[in-house]
Every structure is written in structure tokens, then in C-alpha cells.
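The values are calculated or read from the model by the stated rules, or taken from the named source; none is laboratory data. No experiment lies behind these values; they were computed from the predicted model shown. All Cβ positions, glycine included, derive from the backbone under ideal geometry; neighbour counts span all protein chains shown. All accessible areas refer to the heavy atoms of the entire protein, side chains included, with ligands and DNA or RNA removed. Shrake-Rupley method; radii C 1.70, N 1.55, O 1.52, S 1.80 Å.
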Amino acid sequence: MDAGLNDVLIVGAGPVGAVCALALMQQGVAAHVLEAQPEDARADSRTLALAHGSRLILDRLGVWERLQGVTPITRIHISQRDALGVARLAADELGVPALGYVLPYAELAAALKQALREAGIAVEYGVAVARIESAADAAIVHTADARTLGAPLVAVADGGRGNAVPIPRFERDYGQIAVVCDVETELPHANQAFERFTPDGPAALLPKGDRYAMVWSASNADAQRIAALPDDEFLATLQRHFGGRQGMFLQAGPRKTFPLRLAYTGSDTAGRVVRIGNAAQTLHPVAGQGFNIGLRDAWELASLCGDTPREALGSTAMLAAYARGRRDDVIGGLGFTDFLVCTFSNDFAPLRHARGLGLLALEAVPPLKIFVARRMMFGARG
Ligand SMILES: Cc1cc2nc3c(=O)[nH]c(=O)nc-3n(C[C@H](O)[C@H](O)[C@H](O)COP(=O)(O)OP(=O)(O)OC[C@H]3O[C@@H](n4cnc5c(N)ncnc54)[C@H](O)[C@@H]3O)c2cc1C
């Protein structure tokens, strides 16, 4: 073996792996991180929506104060196209400074990279993990450059993009693709986000700097066509799809697409390997749950490691406690997201009316509003 036995080996230094390493350090547990990308790789242009609970995690790790380009969401407007029913959520009604925050993935990635460096956490960049083998007292990681490293616990945070991704326990292909880009609207966003449900899929506008980040979910064929439209046709199509609440759509940045699916792989309770973040669950981006659940995975795993004697790290009992502790939050988030996509992505008249009533109830019944908003901000522990 090339390295001594570490406490925890983390595969992947994306946001979830990096947060896990920093949180483990706070718990006095040594982490060693392997990241396939080189250190100077440029993160892609995706935009992330952080829930208020995720801000609290980044605050505790001293990462929040490093972030520059963060836009708070103080109000959310939820509606459905061509049907009744609007619900509005406001941060001041809930006694929080913001319901969530929007920031570029690249900004968060850079801040986390710097925090890892300053904390002196061992991160090996440009090292891809090829496979992981479980032994009685350690899990052994084999790297693509033919090295082996061992640890009592290996946390896989590879975004589900590694070489040996297990078959998900539950999967749903929504037949939808997200078209994402930045857009400029005639009216200023005033920190308001929009979630608009349409029969083709949900569309969201998230305030980002002086623009909006748009996430437009459409059927596979439509999404590719929409993404390829020239700017003027794209803006006109978006205007018809979204309506005029923000005045005219004036400009759009380059469009990117990503396929949408639900995949729940979860984590095993044997083998000294735990999966966290997108490696454990991939969600539809509606209501911005997936990434935030991943950060809570990282935080909860680190807390549990801190409470576990070193000789029990990675034991079946510890992994079972982790799986038990995460179940409600993860299954709740998957169920909530799946319910929204399946209930709203159709034009069946009785369902349309029921959805309208649901939105009216959300608007008119304060305890329901508080329940939904807290669920979105903090997960099952809200
Ligand atoms: C194409 C795409 C676009 C997205 N767009 C949005 C969006 O617009 N808004 C939004 O909220 N969410 C979006 N998401 C989801 C969001 O990016 C994820 O929820 C979030 O990045 C999950 O973080 P993570 O750390 O679990 O995984 P990732 O961010 O995927 O990080 C995984 C890390 O592991 C590394 N890695 C992979 N394999 C190996 C290996 N074998 N060995 C070592 N390291 C490895 C990768 O290089 C990467 O750094 C998108 C996801 C994808 C795939």
C-alpha cells in the first residue's frame, strides 16, 4: 500500500467531498481526498441554489464568508401556466434573512478548494479512483495510476460519475432535459425567484447578480430544439412559455443542457464504503433539493465520524447508523421532488384544478406555508 492508513478517504473533491473533508477536520478526523480533475481545472458554468440550511453549514466551516457572487432569494413566486393558483413565500414571514442563495458552481468550488488548502487537508488532484475493494478492517482504493490506499472508511463523493457506479435501487427517467442559461429581463429581479409549472415540465428563474439563472425543463426533443434556437427566437419562445411577470426577456447567454432523472443508489451498511451527495442520489432540479441534500449528507457523515471511536469507523454499526439517520431527509426530498414533477408535468384537467387548489391552500394556510418553506430550507429536520 502506498500510503499509511488514513481515517477517511474521500473520492471526489466536488462540493460534497470538499465539505465532508472540512467538516471531518472540525471533528478531529483526518481525511485524505482523491480528485480526478487537475488542481487548475476550470469548473463548468452551472448555477447552484443553496437552501438557508446549506448556508449555515458553509458558515460553520468558514467558507460562507469567502463567497463573493452570492445572490439572496427573499421571495419565491410559484404558479402554473394557463391555470389558477399562485403561492408566494417570503423570507421575512419565516424570520430568516433569505429563503435561499444563488451562486455559480465555480465560485463555490474555488472557495472550497482554497479552504481545503488553508486547512492543510491532503488533496491529491489528477488522481482518478479506478475501483474500491472491501476488506475486513479497511477499504482499499485502487487508483487509475495503479496505486493503492486504504482506510477504515471510504466516502464516495464522485457525483455518481466514477468508474464503478452501482445500479440504483430506484430510478425514474423523466424524459426531460434541463436547458440552462442566464437571462436578462426588463424588470429588475428584486431578489424574487419564480417557479412556474407547465405541462412540459417546470421552469425556474433564480436571481443571479443583475440577471436571472434560468432552468427550463422540457421533453427531450423540445429541449434540444429550444437550446439550439438563435437568440431572438429563443427569447420569444421563453416569453410565451414564462409570461410577462418580469416584463420582456431582453438577452440570453449560451444555452447548456443536462438530462434529468431520479436515481437513488443510497448507501450500503457493509464494506466500509459510504456514498454521499450525487453519488447516492440524483434528483430533478425542481425546488432545488438535490445539492442541499448532498451537503447535509456530508455534514451528517462527518458529525457521526466525530462521535464514533476510531476503531469503529466504517463498521457495519456505524454505516447502519448513518443510513438510518439520513433516510427520512433523503427519501423525503426524493418523494417531494418526484411528486412535484409527476403531478405538475401534465395537462390532465382534474389534476390541473387540484394543483390550483393546492397552490391556493399553500398561499392561504400559513402553517402549510411554513411547513413547505422549512422543508425546502432545512430538509426533514426543518
Ligand atoms: C451536467 C450537470 C449540470 C448540473 N446543473 C445544475 C444546475 O444548474 N443547478 C443545480 O442546482 N444543480 C445542477 N446539477 C447538480 C449539481 O451539480 C450536483 O447536485 C452537485 O454538483 C453535487 O455535488 P457532488 O460533490 O456530489 O458531485 P460533483 O459536483 O459532480 O463532484 C464530483 C467530483 O468527483 C470527481 N470524480 C468523479 N469521478 C472520480 C473518480 N473516479 N476519482 C476521483 N474523483 C472523481 C469529479 O471530478 C468531481 O470533482 C448539475 C449536474 C450535472 C451533472
- Can you spot a residue in the range 337-347 that is modelled with pLDDT of 95 or more, away from the ligand (no atom under 16 Å from the Cβ) and charged (D, E, K, R)? no
- Query: Yes or no: Asp145 charged (D, E, K, R), part of a loop (DSSP other than H, G, I, E, B), touching a residue at least 60 places away in the same chain (Cβ under 8 Å) and within 14 Å of the ligand (Cβ to nearest atom)?
  - Reply: no
- Note on the structure: Gly126 meets each of (1) open to solvent by 30 Å² or more (accessible area, probe 1.4 Å); (2) within 14 Å of the ligand (Cβ to nearest atom); (3) closer than 20 Å to Asn292 by Cα with one exception, condition (3)
- Query: Only one of (1) within 9 Å of the ligand (Cβ to nearest atom); (2) open to solvent by 30 Å² or more (accessible area, probe 1.4 Å); (3) at pLDDT 90 or above fails for Val19. Which number is that?
  - Reply: (2)
- Query: Gly12: within 17 Å of the chain's Cα centre (by Cα) and within 14 Å of the ligand (Cβ to nearest atom), yes or no?
  - Reply: yes
- Taking the range 22-80 as the search range and keeping residues that are within 16 Å of the ligand (Cβ to nearest atom), open to solvent by 20 Å² or more (accessible area, probe 1.4 Å) and out of contact with any strand residue (DSSP E or B) (no Cβ under 9 Å at 6 or more places or on another chain), which one is modelled with the highest pLDDT? Leu61
- Could you tell me whether any residue of the range 98-119 is outside any helix (DSSP H, G or I), open to solvent by 50 Å² or more (accessible area, probe 1.4 Å) and either more than 13 Å from the ligand (Cβ to nearest atom) or closer than 20 Å to Pro72 by Cβ (or both)? no
- Task: Please note which strands (runs of 3 or more DSSP E) are completely contained in the range 161-223 and include at least 2 residues that are open to solvent by 40 Å² or more (accessible area, probe 1.4 Å).
- Result: 170-185, 211-219
- Item | Filtered residues of the range 165-204 (kept if of a type in the set (Ser, Thr, Tyr) and modelled with pLDDT of 90 or more) | Thr185
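Yes/no per residue for (1) on the phi > 0 side of the Ramachandran plot; (2) at pLDDT below 95; (3) of a type in the set (Gly, Ala, Ser):
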site	(1), (2), (3)
Arg261	no, yes, no
Ile276	no, no, no
Pro285	no, yes, no
Ala302	no, no, yes
- Message: Anything in the range 82-95 that is touching a strand residue (DSSP E or B) at 6+ places or on another chain (Cβ under 6 Å) and either within 16 Å of the ligand (Cβ to nearest atom) or open to solvent by 30 Å² or more (accessible area, probe 1.4 Å) (or both)? List them, or say none.
- Response: Val86, Arg88
- Which members of the range 285-320 meet the condition of being within 16 Å of the ligand (Cβ to nearest atom), out of contact with any strand residue (DSSP E or B) (no Cβ under 8 Å at 6 or more places or on another chain), among the aliphatic types (A, V, I, L, M) and open to solvent by 10 Å² or more (accessible area, probe 1.4 Å)? none
